[in-house]
């Protein structure tokens, strides 16, 4: 039965989740937006451009991949929302991040579960890279 208490608990959980997301997304968004107005993002984009072209992505999108792979998907969302990317580029990035995100944390979990964190990380990175290349060719 739905009661007032049910709504209170749901509201509290919703606000808690919103706060957790905000603590990650807003700082990353702010940082990437700030970096757009400095030479740093252009430098990173220039360094990464040769590799990123195989994925059909601009060099600056490497920041999104790094944020998603090292921090979490919410950090990647903060980074991606601050860049001017096409729906095609966002689709490629989202696919790659779906396949490999939060790598340090998930490698630690795999290790604790008795698997190889290094093997899992390498495989997820390889699959994401292959998927990105294929997505670039077909869309």
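The values are calculated or read from the model by the stated rules, or taken from the named source; none is laboratory data. In this text the structure is predicted, and so the values were computed from the model without any measurement. Quick reminder, even Gly has a Cβ in these numbers, built from the backbone with ideal geometry, and neighbours come from all protein chains shown.
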Legend entry - Condition met for residue 70 (within 17 Å of residue 29 (Cβ to Cβ) and at pLDDT below 95): yes
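A quick yes/no check of all residues on (1) free of Cβ contacts under 8 Å to residues at least 24 places away in the same chain; (2) under 30 Å from residue 59 (Cα atoms); (3) out of contact with any strand residue (DSSP E or B) (no Cβ under 6 Å at 6 or more places or on another chain); (4) surrounded by 11 or more Cβ atoms within 10 Å (Cβ to Cβ):
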| site | (1), (2), (3), (4) |
| --- | --- |
| 14 | yes, no, yes, no |
| 21 | no, yes, yes, yes |
| 26 | no, yes, yes, yes |
| 41 | yes, yes, yes, yes |
Inset, instruction - For the stretch 87-103, state whether one or more residues are in contact (Cβ under 8 Å) with a residue 40 or more places away in the chain, under 10 Å from the mean Cα position of the chain (by Cα) and closer than 21 Å to residue 38 by Cβ. - result: no
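Return the only residue of 102, 87, 81, 116 being closer than 14 Å to residue 24 by Cβ and surrounded by fewer than 16 Cβ atoms within 10 Å (Cβ to Cβ).
Details: 102 fails: surrounded by fewer than 16 Cβ atoms within 10 Å (Cβ to Cβ); 87 fails: closer than 14 Å to residue 24 by Cβ; 116 fails: closer than 14 Å to residue 24 by Cβ.
Exactly one residue qualifies, and that residue is 81.
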Inset, instruction - List the number of the failed condition for residue 57; all other conditions in (1) part of a helix (DSSP H, G or I); (2) closer than 22 Å to residue 91 by Cβ hold. - result: (1)
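So, in the stretch 60-112, of the ones that are outside any helix (DSSP H, G or I) and out of contact with any helix residue (DSSP H, G or I) (no Cβ under 8 Å at 6 or more places or on another chain), which residue ends up farthest from residue 45 (Cα to Cα)?
Filtering the stretch 60-112 down to residues outside any helix (DSSP H, G or I) leaves 71-72, 82-86, 100-102.
Next, from what is left, pick out any that are out of contact with any helix residue (DSSP H, G or I) (no Cβ under 8 Å at 6 or more places or on another chain): 84, 86.
Values: 84: 13, 86: 16 Å.
Per the criteria, the residue is 86.
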